[in-house]
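Student: Let me give you the structure first, and then I'll get to my questions.
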Amino acid sequence: MITKRVFDVVFASTGLLLLSPFFVLIAVIIKLDSKGPVFFRQERIGQFGIPFRIHKFRTMSVNAEANGLQLTTGNDSRITRTGQWLRNINWMNLHS
């Protein structure tokens, strides 16, 4: 169990370090594209019903949930230009 934890922390830290310039670039593009915060924060329910906070790059307009929760459709007007680009990225063909 300790070996797995060390492995997870080392590789996650390495990944964050290597990808941090790309993350900074995405943050700048989001900030230039639309008003509001760079990150979307939300509380979700995790394993065993334990709530946790999720942080991710914001791809929708600031008040996207003003009318309550809605399903996102293909041409949803709430999605920003940068958000559309981020959603269309096919990271290492994971969706194939």
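The values are calculated or read from the model by the stated rules, or taken from the named source; none is laboratory data. Only a predicted model underlies this, so the values are computations on that prediction, with no experimental measurement involved. Areas reflect the complete protein model, heavy atoms only, side chains present, ligands, DNA and RNA absent. Shrake-Rupley method; radii C 1.70, N 1.55, O 1.52, S 1.80 Å.
Student: With every protein chain kept in place and ligands, DNA and RNA left out, what is the accessible area per residue of the chain? Probe 1.4 Å, answer in Å².
Tutor: Details: 8000 Å² over 96 residues.
Per-residue value: 83 Å².
Student: With axes computed from alpha carbons, what is the tilt in degrees of helix 2-33 against the longest principal axis of the chain, rounded to the nearest 10 within 0 to 90?
Tutor: With both axes taken from Cα atoms, the answer is about 20 degrees.
Student: Given 0.36 nm per residue, what is the gain on full extension from Leu18 to Lys35 after removing their alpha carbon distance, in nm? Display every interim value, and only then the final one.
Tutor: Working: separation 17, 0.36 × 17 = 6.12 nm, distance 2.78 nm.
My answer for the length gained is 3.3 nm.
Student: So, one more: Name the long-range amide H neighbours of Met60: under 5 Å, sequence gap of 5 or more, or other chain; modelled H, no Pro or chain starts.
Tutor: Distant-sequence amide H within range of Met60: Thr80.
Student: Of all accessible surface on the range 1-53 at a 1.4 Å probe, what whole percent is carbon and sulfur? Intermediate results must be reported in sequence, preceding the final value.
Tutor: Working: 3350 of 4550 Å².
So the carbon and sulfur contribution to the accessible surface is 73 percent.
Student: Okay, moving on. What is the ratio of the Cα radius of gyration of the chain to 2.2 N^0.38 Å, with N the residue count, to two decimals? Spell out each step's value before the answer.
Tutor: Numbers: Rg = 16.2 Å, N = 96, 2.2 N^0.38 = 12.5 Å.
Working it through for the chain, the quotient is 1.30.
Student: Ignoring everything except DSSP H segments at least 4 long, calculate the 222 nm mean residue ellipticity for the chain; use -39,500 (n - 2.57) per segment, divide by total residues, nearest 500. All intermediate terms of the calculation are to be shown ahead of the outcome.
Tutor: Numbers: 2 runs with 40 residues, N = 96.
Only helices count here, giving -14500 deg cm²/dmol.
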